[in-house]
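J.: Below are the structure tokens for one structure; questions will follow.
A short reminder: the numbers here are calculations on the coordinates, not readings from a lab. Everything numeric in this text was worked out from a predicted model, so none of it was measured. Note that we place each Cβ from the backbone using ideal geometry, even for glycine, and neighbour counts take in every protein chain shown.
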Amino acid sequence: MTPPPRADSTRDRIVSAAKDEFSRYGIAGARVDRIAKGARTSKERFYAYFAGKEDLYRFVSAQELTAVAKATRLDPADLPGYAGRIHDYFTDHPEHFRLMRWGQLELGTDGSPPDDAIRRSVAGKIEQLRRAQQTGRLDSAFAPIDVLVLVNQIAMAWAAQPDLLPPDDAARASFLADRRAAVVAAVERLFPAATED
């Protein structure tokens, strides 16, 4: 159980240092001593706030899920727009994409419990999509979970391909604008935005 924040900022510094550490090294490769050093605190203080690396990762990933949800706002009636926002978020914040990917790769694959925050987030989005299908705002040809996975995979395709991005900043911006347009067009073909009657 993660304790609530206290008046000092040690916990916030630990969380900030952990985001960088997990983004670079994943959960297994992250080191508590590096997190503590980056937070300008001791390992003992680290353990006063978090039970261990996995506990801290789950806290950090829950924060990130909240940030992603706020920045991207799932709208079942406009999945192309949602896909564009996801594309923008993760191409603007590749370190956040890496942080979330590490959890998918490492949590639950070794017999540890899966990340409950992710399961809750996915369940909530699936329910939104199901309701949109029931009210006719979204085509029901695909199961809601398939809709969510397909849209997310298309939207995050370029965040997962950093080696294909041009090295020059100006060329990169133009390249990503074209890729964003392709993402939105692909989702539009699969799941057209609802039109007002």
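J.: Can you tell me how the stretch 17-79 classifies by the Cα gyration tensor, rounded, prolate or oblate, using a/c under 1.5 as the rounded cut?
T.: prolate
J.: For helix 10-29, what angle does its Cα long axis make with the longest principal axis of the chain, in degrees from 0 to 90 and rounded to 10?
T.: Around 70 degrees separate the two axes.
J.: Between the helical axis of 116-134 and the dominant principal axis of the chain, each derived from Cα atoms, what acute angle in degrees is found, rounded to the nearest 10?
T.: Value to nearest ten degrees: 10.
J.: Modelled label-to-label distance, Ala177 and Arg120, 7 Å Cα→beta-carbon offset: nm?
T.: Spacing of the two 7 Å Cα→Cβ label points: 4.0 nm.
J.: If amide H atoms are built 1.01 Å from N in the plane of the peptide, which residues on other chains or at least 5 residues away come under 5 Å of the amide H of Asp75?
T.: The list, which skips near neighbours in sequence, is Tyr82.
J.: Same structure again: Give me the distance in nm between label points sitting 7 Å out from Cα along the Cα-to-Cβ direction at Glu188 and Ala77, one decimal.
T.: So the two model labels end up 1.9 nm from each other.
J.: What angle, in degrees between 0 and 90 and rounded to the nearest 10, separates the Cα long axis of helix 144-155 from the longest principal axis of the Cα atoms of the chain?
T.: That helix lies at roughly 80 degrees to the long axis.
J.: What number of lysine-lysine pairs in the chain show an alpha-carbon separation below 24 angstrom, given a sequence spacing of 8 or more or placement on distinct chains?
T.: Close lysine pairs under the 24 Å cut-off: 7.
J.: A follow-up question, please. Students often get this wrong, so try it: which of (i) 19.4; (ii) 23.2; (iii) 18.4 is Kirkwood radius over Cα pairs in Å as calculated from the structure shown?
T.: The calculated read-out lines up with (iii).
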